[in-house]
Every structure is written in structure tokens, then in C-alpha cells.
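Here is the structure we will look at.
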Amino acid sequence: MSNDPTTPVPAPVPVPDSPFRPEPGDRDLAPQFVLPLVVRIERAAPPPRTDALETAARAVLVMLGDERSTGDGAWARAMRDWQDARIRKVVRRARGAEWRRAEALPGITVTGKTAEVRVFPPVPLDGWPKDLARLQVSGTDLEDPEPPAGADPTAPVLWLNPDLDMSAGKAMAQAGHGAQLAWWELSDDERTAWRDAGFPLSVRTADPARWTGLTTGGLPVVRDAGFTEIAPGSCTVVADHPALRRARP
């Protein structure tokens, strides 16, 4: 399942009352919101898995960087409320008329090579618009027709844990968490440069021999709360942005 009320946690230790702390805290007492993402999966032409993961991660970044999400923008209050509580993302799937109804709602559609993901401003955990609430969470299993090419080492890479078996929907949400952690750690100038370049990034499964080094190297690490699919505290994604590599000793 990809219903993903998980909590990405910066390495090595979360600060008190962080939205990413793994144990319950004051933020759990705040009204809870969720960032909805809908991936288009047509029966005859489902997108490749890696393309869907990368497109979902970019969709989160596009929402974070949109002018409507900041200041006095139309979505700014919802974005603040969402980030003041737990950081939750839910991936659902749509096709045909379902997708057309989703596209009619306020949001942003982000396209990859063939994948399409629409991201919406955060909604209350129990207050989804009906055209999104009726969409299925399950059924987001996708495959790559051939192994993806190696990641560009000069561009951001979201490294997936090689020891975990996640559905595509779950992995899409986790990639979105990783992209968000990287965004938060960048300076304003670095964010602007990434946004102006179109948020280039790759999502790849890490080499098992490199995984421990990635998780202990000071880069942002996503840790799962364990509500769906995998064990609590599992490291799912390392956000490897070139600017963050340079910031580490």
C-alpha cells in the first residue's frame, strides 16, 4: 500500500518537536494534514517505475517552490498547517475519467518522460475532496521495462535503501520526503537555482556496499514510521544533493 503517514527524520538525531521526530510529540496534537499526489496509470500504458518515482519527487518540489505556497499565496496557509504537524504524503492512482476529474481540482500536474503526477495543496487528514477520496491507494505497482541508466553524479540523487521492498506508491511518497528534506537544507540561492533548472534529479537504488556510508555521511535521511509495508525506523531514502555534499566535511 502507498498510504504513507510516514515521518522522514534528518540524520543523525531529530531536534525536539521536529515534524520529523519518530516518536509522538507536540506536533501530533496539531490538526493533521496530508499532501495528496495522484499518479496517472492507464491500463494500456502504465509509466515506468523509476520515471514515476522521479516525477513524484519533482512534484513535491514544484509544490514547495510555487509562489502560491508561500507568503500570502492561495495555498500558503494549508502548506504552513501541513508543515506544522506531521509531514504526510499519500499517493493514489487514477485513469481515464478519474484522472480528468482530478485534473479539474486545484493543483499542479508534473510530467516526466512518460509519467504524469498531479500534486494538490494539503488537505485535512479526514477532509479529502470526494474526487480524490474515491481514488484507490493500492494498485500502484509499476515496473521498469529495463534497468535505469546510472545516476548523474553531478546532479541530485535520491538513493533508495537496497534492502527494502516497497511498492511503487510507497517509494514515490518516500522519494517525495527525501526531496523535501533536501529542499529544506538548501540556501535560498541554491533552491532558486534548482527550481530554475527544472528540479533535475534521479531516483536510484543504492549499491548495498555504499548504503551504510550514505546513511552516516551527514546527508538528509528519511526514516519510516512503520505504519505501512516496512518496519518502524527503517532508513528508506538518502537525499544526495551536490550542494549538501559540499557542505559536509
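With a 10 Å Cβ neighbour count serving as the proxy for reagent exposure, in which order, fewest first, do Met172, Met166, Met79 appear?
Values: Met172 30, Met166 23, Met79 20.
By the 10 Å Cβ count, ascending, the order reads Met79, Met166, Met172.
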Global form of the stretch 62-159, assessed from the alpha-carbon gyration tensor, a/c cut-off 1.5
oblate
Could you pull out every one of the aspartates and glutamates with an alpha carbon less than 12 Å from that of Lys130, ignoring same-chain neighbours closer than 8 positions?
Glu98
Which aspartates and glutamates, if any, have their Cα less than 13 Å from the Cα of Lys89, not counting same-chain residues under 8 positions apart?
Asp4, Asp224
Can you give the Rg to Rh ratio for the stretch 110-249, taking only C-alpha atoms and Rh from Kirkwood?
0.96
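Using the alpha carbon gyration tensor of the stretch 131-171, what are the three equivalent-ellipsoid semi-axes (square root of 5 times each eigenvalue), largest first, in whole Å?
Details: eigenvalues 139, 34, 27 Å².
Its equivalent ellipsoid spans semi-axes of 26, 13, 12 Å.
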Tell me, what ³J(HN,Hα) does each residue in the stretch 40-56 have, in order and in whole Hz, if you take phi through Karplus 6.51 cos²θ - 1.76 cosθ + 1.60 with θ = phi - 60° and put x for Gly and Pro?
7, 10, 7, 4, 7, 8, x, x, x, 4, 5, 4, 5, 5, 5, 5, 5
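Every number in this text was worked out from the coordinates using simple rules, so none of it is lab data. Owing to the predicted nature of the structure, the values given are computational and were not obtained by experimental measurement. Glycine also receives a Cβ, built like all others from the backbone with ideal geometry; neighbour counts cover every protein chain displayed.
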